[in-house]
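Written below as structure tokens is the structure these notes are about.
The values are calculated or read from the model by the stated rules, or taken from the named source; none is laboratory data. Computed from a prediction, not measured in an experiment: that's the story for all the values here. Ideal geometry is used to build each Cβ from the backbone, glycine not excepted, and the neighbour counts take in all protein chains shown. Please note that ligands, DNA and RNA were not included when accessible areas were found on the heavy atoms of the full protein model with its side chains. Shrake-Rupley method; radii C 1.70, N 1.55, O 1.52, S 1.80 Å.
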Amino acid sequence: MAPSALLRAAALRRRASIAAALPAISSLIHTSTRPPSPSTYPNPAARRHLITLSRRPCQHPPSSASASAAPPSYYVDKILLPISFSHPLSTSSRSTDKDTDKKDILPPPPVSWVERLLPEAARPYAMLARLDKPIGTWLLAWPCMWSITIAAMPGELPDLKMLALFGCGAVLLRGAGCTVNDLLDRDIDNKVERTKSRPFASGVLTSSQGVCFLGCQLLLGLGILLQLNNFSRVLGASSLLLVFSYPLMKRFTFWPQAYLGLTFNWGALLGWAAIKESLDPAVILPLYTAGICWTLVYDTIYAHQDKEDDLKVGVKSTALRFGDSTKQWISAFGAASIGGIALSGYNAELGWPYYPLLTAAAAQLAWQISTVDLSDRADCNRKFVSNKWFGALEAAVPGSNLQDSS
């Protein structure tokens, strides 16, 4: 007999044996799964319970007459799998598990340019300087730009060289401030959810490496400072006291955001001094005060992200100080900031475009204060980041002196 004929005969025998076994399996399933008749229970309550169960929809096995037509997988599922489980290869069960996992797992943060472009050895230092989060650099740079544009002669563009120098200086000084902050707070950062992945808190960098990096940052910052006049050099160097002491304020006072305002808005003084080689209190002091009040707005919103962790580790902030009254407080500070900008522009005799631009800046600040959800960390961060647009509008306000060439 040919090999192909032998194979066909073996296949027919297997098929016949399976068909003969299916009725027995079907009767076994019928016997084991079909509930007894309600008449077998003399207790009326038991009969009612059994009738209720019998009315529930369920998938009945095929009758013995059609058992041969039922797929073998039906009996495998019935006999081998528990009732409370679906088939492990079922598409519906896999999708349900995936949907549950997606709800439990937060989406990963977007990959920054630091991770994409820089070599692996340089990434911790870039992260330490917050080069992947430029919002802090913008917030530090804008007060410098405000005062430089106010100091420009009527009808002339601001000094572009000064704008470039102060932009680079903002990157370096903000990075140095972050290095100092992380060095002093490394024992706190590893207890706070948002900051535990920072280079010192996570152990990626050591303190000695951080000190060396800080030295490089300050050396580069000194190179920029030496490009300015002598008055500005002294004024700029004096800001280092604020930079180095700010990280300690959260341990002693509920107003570290006010101290940050003193530090971050020092550029409002320095930018004017770099152009004029002096300070005009009538213009600069209202501008500096406005910047401090603005910082109290955005950094209080920012601090609401960490208020639960701050309570645990024992550090202070205006978010904890203001509590449920936060919106009233930051509304007052926002109004004071707009008022300070208005007074500074009035004393500087800016042109007519000053007023609509100032109104637009005030509307942006009112929008973020009125719409922020202080219980939502993501929304607090979004409103905080939106302050770069407020700063840009305020920078455009002093530029209105281009209209006044008289």
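Okay, here's what the table says:
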| quantity | calculated |
| --- | --- |
| Close pairs (6 angstrom Cβ cut-off, 6 or more residues apart or separate chains): closer than 13 Å to ILE292 by Cβ in the stretch 331-347, among the polar types (S, T, N, Q) and assigned to a helix (DSSP H, G or I) anywhere | GLY340/THR289 |
| Unmet requirement for ASN229, which otherwise passes all of (1) within 28 Å of LEU279 (Cβ to Cβ); (2) free of Cβ contacts under 8 Å to residues at least 60 places away in the same chain; (3) of a type outside the set (D, E, K, R); (4) open to solvent by less than 20 Å² (accessible area, probe 1.4 Å) | (4) |
| Answer from LEU235, LEU222, LEU279 - the residue that is part of a loop (DSSP other than H, G, I, E, B) and over 20 Å from ASP182 (Cβ atoms) | LEU279 |
| Number of positions in the stretch 258-280 that are under 26 Å from the mean Cα position of the chain (by Cα) and open to solvent by 10 Å² or more (accessible area, probe 1.4 Å) | 6 |
| Given (1) under 18 Å from ASP299 (Cα atoms); (2) outside any loop (DSSP other than H, G, I, E, B); (3) open to solvent by 10 Å² or more (accessible area, probe 1.4 Å), number of the condition LYS316 does not satisfy | (2) |
| Answer residue from the stretch 297-310, given it is touching a Phe, Trp or Tyr at 6+ places or on another chain (Cβ under 6 Å) and open to solvent by less than 10 Å² (accessible area, probe 1.4 Å) and is farthest from ARG377 (Cα to Cα) among those | VAL297 |
